[in-house]
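Structure first, then comments.
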Amino acid sequence: MIHTTRRDTLRQFGALTLAGLGTAATRALAQSDKPIRIVLPVATASGVDTITRAAQGALSKALGHPVMVENQPGAGGILGTTTLVRSAPDGFTLSFVSNNHVIYPSVYKSLPFDPINDITPIAIVGSTPLIVVVNPKVPANNARELAALLKAKAGDMTYGSSGNGTILHLAAEMFVDEAGATARHIPYKGVGPMLTDLIGGQVQIGVAALPSVQQHIKSGALRAIGTGAAQRLAAAPDIPTLVEQGMPGYQVEGWFGLIGPKGLPAADVKRLHDAVAVAFAAPDVVEAMARQGNTINVSTTEYAQAFFRSEMAKYAKLVKKAGIELQ
């Protein structure tokens, strides 16, 4: 998904340096021992939450500051992102965001912020696989059987999501559309509550990032139907892709990137970018990301800026195709 050359990677990686820091904000970031606050617009147990917490220690070391992770879920992620965009552009408040950030404009009539112009992109950090799962009582073991069941039930089956207009809502609706069927959408205030009800049988189908459901699949609390990846995952080789199960149009993955509020000084952006690259290259983080099935490839800041815009255009088309109504 993210394309950088070895030369780009080496150039961006660089050595962390404080030379040439010209603004008061940058000097404060470099010299203060104030904690850096990472506001996550998602609930605990979500893919982005799991990824961020796995890298928290390495991020603190690379940034030279304690890192505090704060979950602010709600309204599909809008609440947490509102906190980020309203914070001071001093480098002490950041956020890891996902696909949801660029889906907002296509599913909400109005937003309290501009997803492009009210942020400072720092880097697209990597991607995480999405997987279709069902409650074990659902009599389907693969995509073909689940599609047939959806058709037979004619709109009576339910799927949960982390909220209206989230990537998990869109990904589940895409599966139903690929199956040529219908199902009822039950939105939740985050991945955690959705998974609780999915395991409990209150909803029957869901899509989630692999890191958030790995343990539930292994324990038998959930059954995996297939991944949205192009090829089988090294972290879950026994789970087939939906492409190989006869759904060639179903390829979707989650991505995550680091942003700050609008107006973050360029020197701070570089310092933060380089620290993130160092943190996600730490051996323990590399191991954790591989175990979770995540692909890490820290992009340039310039790539991140263009990526947000291109992804917003892409999802506008997908939302329209899926027939998701404006909220």
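What follows is calculated from the coordinates using simple rules that are stated; it is not laboratory data. Please read all numbers here as calculations on a predicted model, not as lab measurements. Positions of Cβ are backbone-derived with ideal geometry, glycine not excepted, and every protein chain shown enters the neighbour counts.
Taking trypsin sites (Lys or Arg not before Pro) as candidate sites, keep only those in a DSSP loop with at most 11 other Cβ atoms within 10 Å, then name the longest stretch of the chain containing none of them. Of all site-free stretches, the longest is 138-327.
Partner lysines whose Cα lies under 28 Å from the Cα of Lys109, excluding those fewer than 8 positions away in the same chain, are identified as Lys189, Lys262, Lys314, Lys317, Lys320, Lys321.
Rounded, prolate or oblate: pick one for the chain, where a ≥ b ≥ c are the square roots of the eigenvalues of its C-alpha gyration tensor, a/c under 1.5 means rounded, and failing that, prolate if a/b is larger than b/c, else oblate. If you can, show how the numbers build up before the last one.
Working: a/c = 2.06, a/b = 1.75, b/c = 1.17.
Prolate is the answer for the chain, as a/c is 1.5 or above and a/b outweighs b/c.
Neighbour counts of C-beta atoms inside 10 Å place His101, His216 in the sequence His216, His101, starting with the fewest.
Relative to the longest principal axis of the Cα atoms of the chain, the long axis of helix 143-153 lies at roughly 60 degrees. For the pair Ala148 and Ala281, the difference between a 0.36 nm per residue extended length and the Cα-Cα distance amounts to 43.5 nm. Each residue, Gln327 and Ser219, gets one label point 7 Å from its Cα in the Cβ direction; the gap between the two is 2.8 nm. Bridgeable lysines around Lys61 (alpha carbons under 16 Å apart, same-chain partners fewer than 8 residues away excluded): Lys34.
Database remark: amide H of Asn71 closer than 5 angstrom to the amide H of Leu40 (H placed geometrically; neighbours at sequence offset of 5 or more, or on other chains; Pro and chain starts carry no H).
Considering the options Val48, Ala316, Leu168, tell which one lies farthest towards the positive end of the dipole of the chain, charges being +1 on Lys and Arg and -1 on Asp and Glu at the Cβ, about the Cα centre. Positive-end residue among those listed: Ala316.
Peptides 110-116, 76-82 ranked from most to least packed by the mean count of surrounding Cβ atoms within 10 Å: 76-82, 110-116. Applied to the range 189-195, the Karplus parametrisation 6.51 cos²θ - 1.76 cosθ + 1.60 on θ = phi - 60° returns per-residue 3J(HN,Hα) values of 8, x, 5, x, x, 5, 5 Hz, with x for Gly and Pro.
Whole-Hz Karplus values for the range 314-327 come out as 5, 6, 4, 5, 5, 5, 5, 5, 6, x, 6, 7, 5, 8 Hz, taken residue by residue from phi with 6.51 cos²θ - 1.76 cosθ + 1.60 and θ = phi - 60°; glycine and proline positions read x.
Gain in length, Gln251 to Glu70, computed as 0.36 nm per residue apart minus the alpha-carbon separation, to one decimal in nm? Write out the running numbers ahead of the final one.
On the way: separation 181, 0.36 × 181 = 65.16 nm, distance 3.08 nm.
Taking Gln251 through Glu70 to full extension adds about 62.1 nm, to one decimal.
Counting DSSP beta bridges in the range 129-227, what percent are antiparallel, to the nearest 5? Here the share of antiparallel DSSP bridges comes out near 60 percent. Comparing Cα centroids, the range 183-200 and the range 119-161 end up 11 angstrom apart.
With the largest listed first and rounded to whole Å, the semi-axes of the equivalent ellipsoid of the range 129-227 from the Cα gyration tensor are 18, 15, 12.
Counting only Cβ charges, +1 for Lys and Arg and -1 for Asp and Glu, the dipole size of the chain around its Cα centre is about 120 debye.
Given an 8 Å cut-off on Cα distances and at least 6 residues of separation, report the relative contact order of the range 129-227 as a percent. Walk me through the numbers on the way to the answer.
Working: 181 pairs, mean separation 45.6, N = 99.
Dividing the mean separation by the residue count of the range 129-227 yields 46 percent.
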